[in-house]
Amino acid sequence: MKKLIRYFLILHTSMSLITGFGMWIILKKFFPEVLVDGYILVPLFFYVMGLISIYIFKHSSPDKPAGAVNTYMLMRMIKIFVSFFIILVYWIFDKTNIRNFAIIFIIFYLINLIWETNIYLWMEKYFKYKKDQEKPPRERIDQ
């Protein structure tokens, strides 16, 4: 499990850096009018939320796959509400650039959704693999 979590952390960190710098370069070169002052907060927010998700999944029990699904859905809902709150706070402080900030935020949200779902699917496969390994060899063959 430690090896898998380390892999997820490396994947999440590298995807956050690639996406954050990649989007910044694209925005700076091709769409400088869309780039907002608080840009760094967007990749940082999704990186921290991803770390929290990985930490929570680390403590999920392989014996209870329904618990992992509930945890995943709970994290999704928390992320939606916190995202809405961040956009609302940004709107209060900078009403002129809220449209650009919201577009950037939504793009990051969708990209983040893809790789976090991928991490969740790998975690589910790992849980299933561990559960199959606990069965006696004859029972694995009969399936």
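The values are calculated or read from the model by the stated rules, or taken from the named source; none is laboratory data. Please read all numbers here as calculations on a predicted model, not as lab measurements. A quick note on method: Cβ atoms are made from the backbone with ideal geometry, for glycine too, and the neighbour counts reach across all protein chains shown.
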**Study point:** Residues (in contact (Cβ under 8 Å) with a residue 60 or more places away in the chain and touching a Phe, Trp or Tyr at 6+ places or on another chain (Cβ under 6 Å)) located in region 3-37
**Key:** Leu4, Met15, Val36
Review point. Within the set of pairs 6+ apart or on separate chains, which have a first residue in region 109-135 that is within 14 Å of Arg76 (Cα to Cα), a second that is at pLDDT 85 or above and not in a helix (DSSP H, G or I), and C-beta atoms under 6 Å apart?
Key: none
Review point. Is it true that Leu35 is more than 27 Å from Tyr129 (Cα to Cα) and over 13 Å from the mean Cα position of the chain (by Cα)?
Key: yes
Study note, to complete from the structure: Inside region 74-98, the number of residues satisfying the requirement of being under 13 Å from Tyr109 (Cα atoms) and hydroxyl-bearing (Ser, Thr, Tyr) is 1
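The rows are residues; the columns are (1) touching a helix residue (DSSP H, G or I) at 6+ places or on another chain (Cβ under 6 Å); (2) aliphatic (A, V, I, L, M); (3) at pLDDT 90 or above.
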{"site": "Leu110", "(1), (2), (3)": "no, yes, yes"}
{"site": "Leu113", "(1), (2), (3)": "no, yes, no"}
{"site": "Asn118", "(1), (2), (3)": "no, no, no"}
{"site": "Glu124", "(1), (2), (3)": "no, no, no"}
{"site": "Lys128", "(1), (2), (3)": "no, no, no"}
{"site": "Pro137", "(1), (2), (3)": "no, no, no"}
{"site": "Gln143", "(1), (2), (3)": "no, no, no"}
Point to revise | Lone qualifier among Ile40, Ile10, Ile5 - being surrounded by 12 or more Cβ atoms within 10 Å (Cβ to Cβ) and either modelled with pLDDT of 90 or more or closer than 24 Å to Arg76 by Cβ (or both) | key: Ile5
Practice item. Can you tell me which residue among Ile111, Ile54, Ile86 is touching a His at 6+ places or on another chain (Cβ under 7 Å), surrounded by 14 or more Cβ atoms within 10 Å (Cβ to Cβ) and at negative phi? Key: Ile54
